[in-house]
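One structure is given below, encoded as structure tokens.
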Amino acid sequence: MGFKEQIDISRLPKHIAVIMDGNGRWAKNQGKFRSFGHESGVVSLKDVVEGCTDIGVKYLTVYAFSTENWNRPIEEVNLLMELLISTINAEIGTLNKNNVRLNAIGDIASLPQKCIDDLKNAMDETAGNDSCTLTLALSYSSKWEIVEAARKLATLVKEGKMDVNEIDETAFSSQLTTTGIPDPELMIRTSGEHRISNYLLWQIAYGELYFTEKMWPDFMKEDLFEAIVDYQKRERRFGKISEQLN
Ligand code: IPE
Ligand code: IPE
Ligand code: MG
């Protein structure tokens, strides 16, 4: 029996977050350029998005480019930006066919203008789709996002639009870039690294973490289904004891 058949559709995670890592090593292991790894990573992403729509996962948020990734060699940064532009433009049709809405989080204004424009176009073109929301985290880091949220709340207080006592977890969440999207129940990282690399720190406060040795270009929808099966075997206690859960 495949992993897909083992999934309990009534207990799917609504939101899955993915750290798509290992493109460079995957390519290097085959004596190829890192760019080949990134291009192959796009194939995996397409397959995983399809996996989400196959079974009904509502939100998929993928780490595509971190704030820290700006520190890579300029040639690689440029290549990633070009790959981003070509991919979003090439995929609008498929996104629409599969009823997937494209969304983006991060410091989008820091991206090259062509990226900003094409991203906006692709988001507008897919805005009416509602089977799955695919969010690309671009020039994203969690600490950046949290500081931005603090700044927005401080501004609201300063302008007299909010009272200090109204700042609670709900008010704070609503200033994050993921506002309106439920917190991910499952966070997947490929490539064997056991770290979060500044991704969705607030949102994964109670998320289940899943690590796999597979490099991202080798991760396909069947691997996603395997991660979901693993997730469904876990007991999520949220601080309670086992006997309190039904
Ligand atoms: C993830 O793969 C993609 C991005 C960070 C853009 P990497 O490029 O980090 O690949 P490795 O981790 O060096 O193998
Ligand atoms: C995290 O991967 C960022 C993305 C997948 C976009 P990195 O390869 O940049 O993270 P580190 O350097 O291993 O922490
Ligand atoms: Mg990496």
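Annotations
- q = 0.10 Å⁻¹: log10 I(q)/I(0) that the Debye formula gives for segment 126-246, counting C-alpha atoms only: -0.45
- Here the chain is scanned for GluC sites (Glu not before Pro) in DSSP loops (not H, G, I, E, B) that have at most 11 other Cβ atoms within 10 Å, and the longest stretch holding none of them is 1-158.
- Cα extents for segment 56-196 along the principal axes, largest to smallest and rounded to whole angstrom: 47, 37, 34.
- Per-selection Rg to Rh, segment 111-160 - Cα, Kirkwood hydrodynamic radius: 1.11
- Using just its DSSP H runs of length 4 or more, each adding -39500 (n - 2.57), the chain gives a mean residue ellipticity at 222 nm of -13500 deg cm²/dmol after division by all residues.
- Accessible surface, per residue, of segment 12-233 when the full set of protein chains is kept, probe 1.4 Å, Å²: 47 Å²
- If you plug the beta carbon distance of T179 and L209 into 1/(1 + (r/R0)^6) with R0 = 25 Å, you get a FRET efficiency near 0.60.
- Gap separating the Cα centres of segment 221-244 and segment 66-104, nearest whole Å: 31 Å
- The fraction of all Cα pairs in the chain landing in successive 5 Å bins from 0 to the largest distance is 1, 6, 12, 16, 19, 17, 13, 8, 4, 2, 1, 0, given as whole percents.
- Nearest-0.05 FRET efficiency for N198 and R234, computed from C-beta distance (R0 25 Å): 0.50
- Share of carbon and sulfur in the accessible heavy-atom surface of segment 12-233 [1.4 Å probe, %]: 53 percent
- Label separation (D54 vs V164): 5.4 nm, computed from points 7 Å beyond Cα along the C-beta direction.
The values are calculated or read from the model by the stated rules, or taken from the named source; none is laboratory data. Given the structure is predicted, the values throughout are model-derived calculations rather than measurements. With ideal geometry, Cβ positions are generated from the backbone for all residues, glycine too; neighbour counts draw on all protein chains shown. We work out accessible area using only protein heavy atoms, side chains counted, and drop any ligands, DNA or RNA first. Shrake-Rupley method; radii C 1.70, N 1.55, O 1.52, S 1.80 Å.
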